[in-house]
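For reference, the structure discussed in these notes is given below.
The values are calculated or read from the model by the stated rules, or taken from the named source; none is laboratory data. Everything numeric here is computed off the predicted structure, so don't read it as measured data. Here the Cβ is made from the backbone with ideal geometry for all residues, glycine too, and neighbour counts use every protein chain on show.
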Amino acid sequence: MMADENSRDVSALRTPQLRGHHLICLQFVHGGGHTAEFARNVLRTIGRLTEEEGTIAAGADDLCEACTYLVDGVCTNEGEGQGEEAVRVLDALALQLLGLKPGDTFDYGTTSASVTRVLDRWRELACAGCPSEDSCAPLIDLTCRFQPHE
Ligand code: SF4
């Protein structure tokens, strides 16, 4: 069952929540291939994150709430090689690369800057075979090209 409007009203009362891999993928995927409601929710969540701190979710997050693959609180996107178990592996990898853990708060701007520094590793370990790989690739290429050198 996809989350209804009431649950989204409730989530609007707490800090925005993102699961680990969405900290990275949200920079490059903006709802393409999903429903219009999912795309609207992506933009709504990004808007909230530009104004307030977010919290790292241990599982389904504010983006999942508008996703048709979320069933009884878990990701069922197994048709595309994901599913909750595989998604949690991606979440753990993203959090390890970014030095974060579930329950941590984060500033979206700061985290976005950190994402550019781990993109090479993320691409190597996580992007291959993802259904969004081709659509994300041009923006990831650009980001990698212009990432600051330390
Ligand atoms: S596919 Fe799974 S992880 Fe991605 S937004 Fe939907 S429910 Fe969440």
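Structural remarks
- Subset of region 85-94 that is surrounded by fewer than 20 Cβ atoms within 10 Å (Cβ to Cβ) and closer than 16 Å to L18 by Cβ - its residue that is nearest to the ligand (Cβ to nearest atom): R88
- Boolean, D91 is at pLDDT 95 or above, touching a strand residue (DSSP E or B) at 6+ places or on another chain (Cβ under 9 Å) and in a helix (DSSP H, G or I): yes
- Among the residues making up region 43-83, those that are buried (at least 20 other Cβ atoms within 10 Å of the Cβ), assigned to a helix (DSSP H, G or I) and near the ligand (Cβ under 9 Å from one of its atoms) are C64, E65, A66.
- Applying the criterion of being small (G, A, S) and modelled with pLDDT of 85 or more to the residues of region 20-45, the residue that is nearest to S132 (Cα to Cα) is A39.
- Whenever a residue of region 54-74 is farther than 15 Å from A94 by Cα and without any contact (Cβ under 8 Å) to a residue 24 or more places away in the chain, its partners that are of a type outside the set (V, I, T) and near the ligand (Cβ under 8 Å from one of its atoms), lying with C-beta atoms within less than 6 angstrom and at least six residues away or across chains, give the pairs Y69/C75; Y69/N77; G73/A60; V74/E84.
- Flag for G129 being surrounded by fewer than 16 Cβ atoms within 10 Å (Cβ to Cβ) and without any contact (Cβ under 8 Å) to a residue 24 or more places away in the chain: no
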